[in-house]
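Peer 1: Have a look at this one before I ask anything.
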Amino acid sequence: MKQTLITSIVIFIILSIAYLSISGAPLRVHASLICSFFLAYVGGTFAAEKQWFTRSKHSTWLWCGLAGLFMFDVLSAWTIGKRELFMGWYFIYPMGLLGLITLQIFGEFIGKKLSNR
């Protein structure tokens, strides 16, 4: 198992625990957000590290991020009563992808620094 994958799992756990401790949402909302974040972030790192696709690492992160954001959109529209599918897509998708790609780059940087010790 590569250091980058371990780093992304640790970052995922830290961010998930921080989210759970701050948010007061119901359990179904927590489950939908954490599952979609797992697909978008850890799934993207795993797919890029194992080279499942012939695409570059950055495009794999982008496609997994889009899949995770779409999963978030569908699950949140299903679990939150006032939320509709693609509600605020023009903000959620670009900002979500920017955040996920930034997090991927940060995780890769930390993983490389830890493996060079």
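Peer 1: Taking the Cβ-Cβ separation of ALA31 and ARG117 as r and a Förster radius of 30 Å, what is the calculated FRET efficiency to the nearest 0.05?
Peer 2: Numbers: r = 36 Å, r/R0 = 1.20.
With a Förster radius of 30 Å, E is 0.25.
Peer 1: In debye, nearest 20, what is the charge dipole magnitude of the chain about its Cα centre with +1 on Lys and Arg Cβ and -1 on Asp and Glu Cβ, if you could check?
Peer 2: On the way: 10 positive and 4 negative charges, 63 e Å.
Using only the charged Cβ atoms, the result is roughly 300 debye.
Peer 1: Hey, another quick one. Taking the Cα atoms only, what angle lies between the long axis of helix 27-37 and the longest principal axis of the chain, rounded to 10 degrees?
Peer 2: Computed tilt is about 40 degrees.
Peer 1: Let me ask something else. Report, largest value first, the span of the C-alpha coordinates of the chain along each principal axis, in whole Å.
Peer 2: Between the extreme Cα coordinates on each principal axis of the chain lie 48, 32, 20 Å.
Peer 1: Right, here's the next one. Heavy-atom accessible area per residue, region 1-107, 1.4 Å probe: how many Å²? Don't skip to the answer; put the middle values down first.
Peer 2: Working: 6570 Å² over 107 residues.
Per-residue accessible area for region 1-107 comes out at 61 Å².
Peer 1: With θ set to phi - 60°, apply the Karplus curve 6.51 cos²θ - 1.76 cosθ + 1.60 along region 89-95 and write out the HN-Hα couplings as whole Hz, x wherever there is a Gly or Pro.
Peer 2: 4, 5, 9, 5, 5, x, 5
Peer 1: Between LYS50 and MET95, how many nm apart are label points set 7 Å from Cα along the C-beta direction?
Peer 2: 3.3
Peer 1: Moving on. If I model a spin label at ARG83 and ILE6 as a point 7 Å from the Cα along the Cα→Cβ vector, what separation in nanometres do I get?
Peer 2: Result for the modelled spin labels: 3.4 nm.
Peer 1: Can you give the relative contact order of the chain as a percent, counting alpha carbon pairs under 8 Å and 6+ residues apart? Could the numbers behind the result be given before it?
Peer 2: Numbers: 109 pairs, mean separation 42.2, N = 117.
It comes to 36 percent, rounded to a whole number.
Peer 1: Shifting gears a bit: For region 1-92, which whole percent of the accessible surface, found with a 1.4 angstrom probe, sits on carbon and sulfur atoms?
Peer 2: Carbon and sulfur atoms account for 73 percent of the accessible area of region 1-92.
The values are calculated or read from the model by the stated rules, or taken from the named source; none is laboratory data. Just so it is clear, the model here is predicted, and its values are computed rather than measured. Using ideal geometry, Cβ is built from the backbone for each residue, glycine included, and neighbour counts are taken over all protein chains shown. The area values use the complete protein model at the heavy-atom level, side chains included, leaving out ligands, DNA and RNA. Shrake-Rupley method; radii C 1.70, N 1.55, O 1.52, S 1.80 Å.
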